[in-house]
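Notes to accompany the following structure.
FYI, it's all coordinate maths here, none of it is from the lab. These numbers come from a predicted model, not from an experiment. So basically every Cβ, Gly included, is an ideal-geometry build from the backbone, and we count neighbours across all protein chains shown.
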2 protein chains.
Amino acid sequence: MSTIGRPRAFDEEAVLDRATEVFWQHGYEGASLSALTSAMGINRPSLYATFGSKEQLFQRAFARYHETQVTAARAALDKPSAYAAIEAFLRASADGLTAADHPAGCLSIQGGLACSPENAGISEILAAGRAATEAALAERLTRAVDEGDLSDDTDVRALARFVMALSEGHAVHAAAGASREDLQASVDIALRAVGALQRR
Amino acid sequence: MSTIGRPRAFDEEAVLDRATEVFWQHGYEGASLSALTSAMGINRPSLYATFGSKEQLFQRAFARYHETQVTAARAALDKPSAYAAIEAFLRASADGLTAADHPAGCLSIQGGLACSPENAGISEILAAGRAATEAALAERLTRAVDEGDLSDDTDVRALARFVMALSEGHAVHAAAGASREDLQASVDIALRAVGALQRR
DNA sequence: ACAGCAGTCTACCGCTCGGTACAGAAGTGA
DNA sequence: TCACTTCTGTACCGAGCGGTAGACTGCTGT
């Protein structure tokens, strides 16, 4: 298929990554179109022709972010035991939240926990993403119960929620400037709880 | 002192509470002046004459919120043992985050984790408030170490951060609709970690 | 009674927001 | 070469933002 007409002067995924960073730092509502286009190095009509609207751009950015995040999380969940899976999840999360190659914290949290009423959909998209991660975690823990790795009376939903909540709290801390070591020390403590469960 | 001139037609603290709820639900930037004045039952000039600006109104709202929150937290920290203090803190936090008489979640989180660059000060104010709570927690735990209630090698800063992070994660969950019972079940798990520390 | 003060109300300010019309530029196919 | 298609750039749109001017209202002190 030949491309007829004037070719694009930018790479779609590259500018999407730049947009993601702006959303990540300032949230959906805090990221103005001027800030976005400036960071992306394109102008408004190009943005609208390529992505449709600010909201659709955000959805693309979040989908991409979540996909890579879930990939990393999936790797953690493949560990052989529930304890190892949770540890890997929390350690990778703490690392990712404080990595130097992107903004601190987590787009799922920074993006728009609270929004003006007309952007309530953004909060819901983010919440759905977090819920999906939590569900994947719960599924892994259910398997651990089935395999006898966790005792039968383990409250799997609560454990998954605990791990997610801690990870989200770490995201809040990371956005406020906490270091990797700060978060990992907190993970150390959390793992005592998980260890206590496993020894049953 | 006599009040000369026309008297106010509203109670300052009452309308401040209404404003707090709007900020709590929609965040600083998501709360428009129209939404605020409508909820407060006053009009713009009255708001500006009384509170100065949107930002000052937010600061008043947050100060009031934080004061009452800290009062509740202080009560938890007065418990005789570190374990009891942490448990009371997390239980009260979970209750408060899901109480029916105000919006779900926590103003310190909902208010504006991410902001547009010109409102970066809001994020900082909120972060400072959370840091103050964490510091109070750390201070209480330091005392517990001094009293032999926690072992000497306890990482007090990490433990305080762990508790705060979990509480903040619960705030995220509460804002997304988690119930009191959901959060308390997560607290149950967290307390195993604290118990493991205390048994040393 | 009435002057003077402080609060209220309507209507507006400049500005930025997300989004777009339209002209020109950069390619393709004949 | 030139019609055709598609992207780029400027300049703009209506709407809503935070904030305010100025007329009006209700109360107090003399």
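Here the helices (runs of 4 or more DSSP H) wholly within the stretch A:1-65 that include at least 1 residues being away from DNA strand D (no atom under 14 Å from the Cβ) are A:12-30, A:33-40.
Residue under question is residue B:20, and the condition is that it be within 14 Å of chain A (Cβ to nearest Cβ), more than 13 Å from DNA strand C (Cβ to nearest atom) and not small (Gly, Ala, Ser); does it hold?
yes
Looking across the stretch B:137-179, the residues that are under 21 Å from residue B:99 (Cβ atoms) and surrounded by fewer than 17 Cβ atoms within 10 Å (Cβ to Cβ) come down to B:177, B:179. For the stretch B:70-110, the set of residues classified as out of contact with any Asp or Glu (no Cβ under 8 Å at 6 or more places or on another chain) and of a type in the set (Val, Ile, Thr) consists of B:70, B:71, B:86, B:98, listed by residue number.
Could you check the stretch B:152-200 and list, in sequence order, the residues that are hydrophobic (A, V, I, L, M, F, W, C), farther than 21 Å from residue B:107 by Cα and within 7 Å of chain A (Cβ to nearest Cβ)? Listed by number, the residues that qualify are B:158, B:159, B:185, B:189, B:190, B:193, B:196, B:197.
I'm trying to understand the selection: among the residues of the stretch B:31-63, which are more than 10 Å from residue B:15 (Cβ to Cβ), within 14 Å of chain A (Cβ to nearest Cβ), within 14 Å of DNA strand C (Cβ to nearest atom) and not small (Gly, Ala, Ser)? B:33, B:54, listed by residue number. Annotation: residue B:103 fulfils all but one of (1) within 13 Å of chain A (Cβ to nearest Cβ); (2) closer than 24 Å to residue A:174 by Cβ; (3) in contact with a Phe, Trp or Tyr (Cβ under 8 Å, 6 or more places away or on another chain); the unmet one is (2). Scanning the stretch A:127-146 for residues that are without any contact (Cβ under 8 Å) to a residue 40 or more places away in the chain, charged (D, E, K, R) and either more than 20 Å from residue B:172 (Cβ to Cβ) or away from chain B (no Cβ under 11 Å) (or both) yields a total of 3.
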